[in-house]
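See structure below.
The values are calculated or read from the model by the stated rules, or taken from the named source; none is laboratory data. Since the model is a prediction, treat every value here as computed from it, not as a measurement. Virtual Cβ from ideal backbone geometry, glycine too; neighbours counted across all protein chains shown. Surface areas here come from the heavy atoms of the whole protein model, side chains and all, with no ligands, DNA or RNA. Shrake-Rupley method; radii C 1.70, N 1.55, O 1.52, S 1.80 Å.
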Amino acid sequence: MLPGGLPVIGHAISLVRDANALHMYARQWTRDLQPVSISLVGQRAYFILNPRDWATVWKAKTLSFDALVEGGLVAMFGVTAKGVQELQSDPDGLGPLLQHNHAYLKEFLGPGGSLEPLTRGYIKYLDIELQKEVSGSGIEVKLENWVRTVLTVASTNALLGPELLKQEPDTITRLWEWERDFQTLSLGLPAWMLKRAHANREITVQNFARHTFDKSAMDIVSRLQDLMRSRGVSERDIGAANFSFWSAVQANAPLTAFWMLHYILFIPGLLDKIRAEIAPAFDASSTKLTNFSHLLDHCPLFDSLYHEVLRYTGSGVGIRKVEEDTIIAGYTLLENALVMMPVRPFHFDPAIFGDDVNEFVPDRFIRDEKTLASGLKNPGTKVLRPFGGGTTLCPGRHFAGNEILSGVATILYRFDVQVVDGEKMTFPSSKEPTVGTYLPDRDVTVRIQTRK
Ligand code: HEM
């Protein structure tokens, strides 16, 4: 048991205030990265800190993800307990929906599925948004707010069709408010204790429930709706379930794109190098992105920077519930406890990433180890775990890469983005609530103009 827990409350306050600080403390305290116990108001939880043990956790049938999804749908997304039962029913032999949700999404978002049309749609809507946003003498904006809005609108329109945001334009700001409430909602407290958070979520759920998705939405949306209806799920609960899927699409990718742009603008010399790398992906006269695969296959610095952003700003924590006593790394994890696999302490391990692990190093994953000073490393991008792992490995990771890389590249190719005088670099804030990527400790003002 990690020292420092308060009577009754245990480590709950420390976890909500700054989960990363608690993870790092546990990592320093334990010997040889053994599992560490914490107490959350009487609920036992384990930090599994050694990445070698994660593979065992991912494979263990007695450590369940579905049980947490059921609870999370109720506490965080407001699906009713009856709705969860209906989602888990199997009237047509196609299987319980929650259990198979991941398989459907994997098929939909995987290469060879709808990834290509979704990416094409996204690039089309990104074009429309950028043309609307920047014209004439340009605009002065807060970078995080602007990038997140533009990318969220483009990917929402590509996935759900453009009507939802036309009819309910405040859906995006409501999502951001919900993200700030994410941790408190996850405690499952009743509506009268979290009035504002519940009210904000209910309006969003109702907006989704009321909306009729037409043919401009991707097929998966109507396919999942049909499956839910055939299981008797109410229209309100279908709205809540659709909101949960949409929030997974939006939670991390637009914010990751903001971080990429932020570092490109603030680190001297980076902008010109990145522009030179990405230029062949664009048609010079129309400034349209015409060769997307160039961004994936021929932009090593851009790719290294993307992975460094995932490492440096990511705050993902894999979770499981212990369904029956299970031995991991020689320790018995007790039934009903939670298992948490925080990725950040691993992403900041100097033994893997080198002595400059606390710095943001854009070329970390392309630098030549033979020429590096002693203590510095290039571990390769494959060691990173920003998307989790095992059967719950993020099904949206391919689209995330497509969305982020094409979004950042298009903005840089088309526009001059100047940091306004006096603005300084911002930092990932581990004290702000996070869904998987840290918010900046403050936003940065920039001027955006069309490039000549
Ligand atoms: C930088 C962007 C992203 C990051 C860092 C990220 C990370 C993650 C992580 C860590 C998980 C949990 C995995 C686990 O428990 O093992 C997850 C789950 C998920 N992600 Fe992502 N994700 C991103 C973007 C996306 C996008 C763009 C989509 C959809 C297009 C998406 C859809 C999902 C879904 C549906 C799940 C839940 C999977 C399940 O129920 O098993 N993600 N993501």
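Assorted remarks:
- The C-beta contact set for the range 385-404 (first residue charged (D, E, K, R), second residue more than 6 Å from the ligand (Cβ to nearest atom), distance under 6 angstrom, 6+ apart or interchain) comprises Arg385/Val343; Glu403/Tyr122; Glu403/Ser155.
- Near pairs, Cβ below 9 angstrom, 6+ apart or cross-chain, from the range 53-66 (open to solvent by 60 Å² or more (accessible area, probe 1.4 Å)) to any residue that is in a helix (DSSP H, G or I): Lys59/Gly390; Lys59/Thr391; Phe65/His102; Phe65/Gly390; Phe65/Thr391; Phe65/Thr392
- Considering residues of the range 326-358 that are of a type in the set (S, T, N, Q) and touching a residue at least 40 places away in the same chain (Cβ under 8 Å) only, the residue nearest to the ligand (Cβ to nearest atom): Thr326
- Residue among Leu189, Leu194 that alone is of a type in the set (A, V, I, L, M, F, W, C), farther than 18 Å from Asn242 by Cβ, surrounded by fewer than 17 Cβ atoms within 10 Å (Cβ to Cβ) and not assigned by TED's automatic domain parsing to the domain that holds Ala19: Leu189
- Residues located in the range 308-336, provided they are of a type in the set (A, V, I, L, M, F, W, C) and crowded, with 22+ Cβ neighbours inside 10 Å: Val309, Leu310, Val322, Leu333
- The residues on offer are Ser135, Ser155, Ser186, and the sole one that is more than 16 Å from the ligand (Cβ to nearest atom) and over 14 Å from His211 (Cβ atoms) is Ser135.
- Residue that is nearest to the ligand (Cβ to nearest atom) [pool: residues in the range 359-388 that are open to solvent by less than 20 Å² (accessible area, probe 1.4 Å) and among the aliphatic types (A, V, I, L, M)]: Leu384
- In summary, strands (runs of 3 or more DSSP E) completely within the range 321-440 and bearing 3 or more residues that are within 23 Å of the chain's Cα centre (by Cα) occur at 338-342.
- Whichever residue in the range 15-43 is touching a Gly at 6+ places or on another chain (Cβ under 7 Å) and not in a loop (DSSP other than H, G, I, E, B) and, among such residues, is surrounded by the most Cβ atoms within 10 Å (Cβ to Cβ): Ile38
- Criterion applied to Arg210, Arg223, Arg236, Arg231 was being surrounded by fewer than 16 Cβ atoms within 10 Å (Cβ to Cβ), away from the ligand (no atom under 16 Å from the Cβ) and over 23 Å from Asp443 (Cα atoms), and the one residue passing it is Arg210.
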